[in-house]
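One structure is given below, encoded as structure tokens.
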Number of protein chains: 2
Amino acid sequence: MTDEANSPSEEVEVFSPFTDSRTAIREFGEIALIESIREVLGENSPASPEGIGDDCAVWTPPPGERVLLTTDPVIFGKHFSENDAPEYVGGKLLKRNLSDIAAMGGNPGPALLSLPMGPDVCHDWLRQFVYGLSMACEQFGVPLSGGDVAAGAPGTFVATLTQTGSSAHPITREGAQIHSPIYVTGALGGSLRGKHLHFLPRLAEGQWLAQQDNLCSMIDVSDGLAKDLLQLIPHGAQANLELDNIPLDQNAETIEQAFCDGEDYELLFTLAPGAELQGWPFATPCQKIGHIRNTRGQGTLIDIASGKPLEFYHPGYEHFQG
Amino acid sequence: MTDEANSPSEEVEVFSPFTDSRTAIREFGEIALIESIREVLGENSPASPEGIGDDCAVWTPPPGERVLLTTDPVIFGKHFSENDAPEYVGGKLLKRNLSDIAAMGGNPGPALLSLPMGPDVCHDWLRQFVYGLSMACEQFGVPLSGGDVAAGAPGTFVATLTQTGSSAHPITREGAQIHSPIYVTGALGGSLRGKHLHFLPRLAEGQWLAQQDNLCSMIDVSDGLAKDLLQLIPHGAQANLELDNIPLDQNAETIEQAFCDGEDYELLFTLAPGAELQGWPFATPCQKIGHIRNTRGQGTLIDIASGKPLEFYHPGYEHFQG
């Protein structure tokens, strides 16, 4: 599967989540609304108790594996606007959570959807949002197993998804050592031009990496390389980076965008000291961008070519100050 | 533990989540905000990867048990107001999710917290909210293992919790048969006078019931008896109710309140046909309120005394039309 497989291939309708020329969800009772959502989900919503319809959803993880849990929302005005097609927004909600499962090397389990939203949300918009979510569930084999609808403030739409997963040996952010090489999948920067909606979570890549003996640590790049890479650097160490090797997305114009834009949803990982990535079986590019070394006290991210610390005006995405 | 144990025993401070005379969370970066939340959580937030700090939280459910998953929010203006103490709101968020785990007869696992909120949320209010959540985590042995903070629209506060649990044999809503007796714990109605914040999820009661051979089906009463009881009645059946036996909360004045108010968070369950509940070991009251029988086509909820169907002006809580 290539990135192009997930790009928009047909015209999709774009309209406001709160248009008042269409039927709003306040016209529906809770039960009718849930029924409408389940109808769109179809076979991607299993029967209860494995799916929607009981007090809890019931799941049997693969025997001997540990359970992974993550949660992330999409919020109107923050993660999408009225210029984004609702079905892409629905797909994004699942995929950004799956990117966290990928970063642990996990296999996805069922998902839960919580939908606090204004009574003025357009029913058509909601159905197309759920349709996009449902198509992504199908693409990645995720059962939508439960959730909740609740009335929020008018003009608001907050969809929170909780994604489960499983792994025999989850890969954490800790474990890089001095001389560990640093790699990143895909390309970085410029995600707001479309990739933030149309990326593919690197599930297969993460699962393959988790099986390599020399993998040390892994994270997904969601807040930007400049911020997320810090999570992989051990105390008293720094990352020496080869800026020429940092893969720039075709929608990014400057190296600063690759470091600071965020929403790349690529995998960033380290290997054992001195190791090299071998036998990478995917079409997705994977690039060595530097290595971990003992700090010389000049900063944490260092440009190898100049020997100077990297400094950015905007060091990765800040949620409440943007 | 009695109900009184969870009632407010000290004066707590009540103030608006959005007061602008105090420091707002927009003054904090995401990392500082999460650190502030973790500080309040203390030992109720385990170290990563079991707790906050990696791409996913990792959990090992008890071997041989199935995993339970549920999610419910508390929303400003819907589930609480500026007249409710933030620490009680935080406790409510956990407890309403634990009530769903109780309704399956499960044992709670870790919880995830998603916090979409306006940049104008008061930092003190948030800390007291998290403090209440943390105290409830401690009370019920729930590790707060992960989550997300994200900027929502100004003036909004939506906290969504996902609660995991486990059970060797989860109890579903299906299974009642003709002549199954119907029971309910505690007392119903008038919850808005305080119980909606100060209830105790019936975890121990649910776990004990799940071990009884003659338990057929169970649900928690969150939308009101009139609505939730319908979930336990098999197709082609009705519930014959002894209205005098329906336990009325001291804050409820009419039987209609017991049927329609909602937010009781009591357990409603059925036993095998003709069975009686024996050996109930709890201080919590538990009352037989009727039984399932073949429908005579007059309605689904029947007053045994009059033989007539029960009709309510407001048949249980409707989320988008209230």
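Residue pairs whose Cβ atoms lie under 6 Å apart, separated by 6 or more positions or on different chains, with the first residue in the range B:175-197 and closer than 19 Å to residue B:259 by Cβ and in contact (Cβ under 8 Å) with a residue 24 or more places away in the chain and the second among the small types (Gly, Ala, Ser) and in a helix (DSSP H, G or I), are B:188/B:258; B:189/B:258.
Of the listed requirements (1) over 22 Å from residue A:99 (Cα atoms); (2) charged (D, E, K, R); (3) surrounded by 15 or more Cβ atoms within 10 Å (Cβ to Cβ), residue A:253 misses just one: (3). Residue selection: residue B:39 satisfies the criterion of being within 27 Å of residue A:103 (Cβ to Cβ) and away from every other protein chain (no Cβ under 14 Å). Scanning the range A:90-114 for residues that are at the interface with chain B (Cβ under 9 Å from one of its Cβ atoms), in contact (Cβ under 8 Å) with a residue 60 or more places away in the chain and of a type outside the set (Val, Ile, Thr) yields A:99, A:100, A:102, A:103, A:104, A:106, A:110.
The number of residues in the range B:78-89 that are more than 30 Å from residue B:170 (Cα to Cα) and either hydrophobic (A, V, I, L, M, F, W, C) or more than 8 Å from chain A (Cβ to nearest Cβ) (or both) comes to 8. When residue B:26 is tested against the conditions (1) within 17 Å of residue B:159 (Cβ to Cβ); (2) touching a Phe, Trp or Tyr at 6+ places or on another chain (Cβ under 7 Å), the lone failure is (1).
Filter the range B:214-237 down to the residues that are in a strand (DSSP E or B) and within 13 Å of chain A (Cβ to nearest Cβ), then identify the one that is nearest to residue B:275 (Cα to Cα).
Narrowing the range B:214-237 to residues in a strand (DSSP E or B): B:215-221, B:237.
Then drop every residue that is not within 13 Å of chain A (Cβ to nearest Cβ), which leaves B:217-221.
Details: B:217: 13, B:218: 15, B:219: 18, B:220: 21, B:221: 22 Å.
Across the range B:214-237, the extreme among qualifying residues is B:217.
Selection within the range B:17-28: residues that are modelled with pLDDT under 85 and either more than 31 Å from the chain's Cα centre (by Cα) or buried (at least 20 other Cβ atoms within 10 Å of the Cβ) (or both). The member of this set that is farthest from the other protein chains (Cβ to nearest Cβ) is B:21.
Of all residue pairs spaced 6 or more apart or on separate chains, those with beta-carbon atoms under 9 Å, a first member in the range A:50-75 that is more than 23 Å from residue A:86 (Cα to Cα) and more than 8 Å from chain B (Cβ to nearest Cβ) and a second member that is part of a strand (DSSP E or B) and modelled with pLDDT under 95 are A:51/A:146.
Is it true that some residue in the range A:188-204 is more than 14 Å from every other protein chain (Cβ to nearest Cβ), farther than 29 Å from residue A:40 by Cβ and outside any strand (DSSP E or B)?
Our first condition is that a residue be more than 14 Å from every other protein chain (Cβ to nearest Cβ); within the range A:188-204, this holds for A:188-200, A:204.
Pick out the ones that are also farther than 29 Å from residue A:40 by Cβ and you get A:188-190.
With outside any strand (DSSP E or B) added as a condition, the list becomes A:189-190.
Within the range A:188-204, one or more residues are more than 14 Å from every other protein chain (Cβ to nearest Cβ), farther than 29 Å from residue A:40 by Cβ and outside any strand (DSSP E or B).
Filter the range A:178-204 down to the residues that are over 23 Å from residue A:106 (Cα atoms) and in contact with a strand residue (DSSP E or B) (Cβ under 9 Å, 6 or more places away or on another chain), then identify the one that is surrounded by the fewest Cβ atoms within 10 Å (Cβ to Cβ).
Filtering the range A:178-204 for residues that are over 23 Å from residue A:106 (Cα atoms) and in contact with a strand residue (DSSP E or B) (Cβ under 9 Å, 6 or more places away or on another chain), the one surrounded by the fewest Cβ atoms within 10 Å (Cβ to Cβ) comes out as A:178.
The residues of the range A:125-148 that are in contact with a Phe, Trp or Tyr (Cβ under 8 Å, 6 or more places away or on another chain) and not aromatic (Phe, Trp, Tyr), listed by number, are A:132, A:145.
Listed by first and then second residue, the pairs with beta-carbon distance under 8 Å, at least 6 apart or on different chains, first residue in the range A:201-215 and in the same structural domain as residue A:101 (by TED's automatic domain parsing) and farther than 15 Å from residue A:283 by Cβ, second assigned to a helix (DSSP H, G or I) and not polar (S, T, N, Q), form an empty list. Among the residues of the range A:117-127, is there at least one that is buried (at least 23 other Cβ atoms within 10 Å of the Cβ), out of contact with any Lys or Arg (no Cβ under 7 Å at 6 or more places or on another chain) and either of a type in the set (D, E, K, R) or without any contact (Cβ under 8 Å) to a residue 60 or more places away in the chain (or both)? There is no residue in the range A:117-127 that is buried (at least 23 other Cβ atoms within 10 Å of the Cβ), out of contact with any Lys or Arg (no Cβ under 7 Å at 6 or more places or on another chain) and either of a type in the set (D, E, K, R) or without any contact (Cβ under 8 Å) to a residue 60 or more places away in the chain (or both). With of a type outside the set (Ser, Thr, Tyr) and surrounded by fewer than 19 Cβ atoms within 10 Å (Cβ to Cβ) as the only criterion, which of B:312, B:269 stands out? So the residue among B:312, B:269 that is of a type outside the set (Ser, Thr, Tyr) and surrounded by fewer than 19 Cβ atoms within 10 Å (Cβ to Cβ) is B:312.
Taken over the range A:297-316, the criterion of being modelled with pLDDT of 90 or more, at negative phi and in a loop (DSSP other than H, G, I, E, B) is satisfied by A:300, A:304, A:305, A:306, A:310.
Given the options A:75, A:37, name the one that is over 21 Å from residue B:50 (Cβ atoms), in a strand (DSSP E or B) and either in the same structural domain as residue A:157 (by TED's automatic domain parsing) or more than 22 Å from the chain's Cα centre (by Cα) (or both).
Values: A:37 fails: in a strand (DSSP E or B).
After applying the criteria, what remains is A:75.
Residues of the range B:140-162 being over 18 Å from residue B:78 (Cβ atoms) and β-branched (Val, Ile, Thr), which ones?
We begin by selecting, within the range B:140-162, every residue over 18 Å from residue B:78 (Cβ atoms); these are B:140-151, B:162.
Correct list: B:142, B:149, B:162.
The values are calculated or read from the model by the stated rules, or taken from the named source; none is laboratory data. No experiment lies behind these values; they were computed from the predicted model shown. Heads up, the Cβs are rebuilt from the backbone with ideal geometry, glycines too, and the neighbour counts pull from every protein chain shown.
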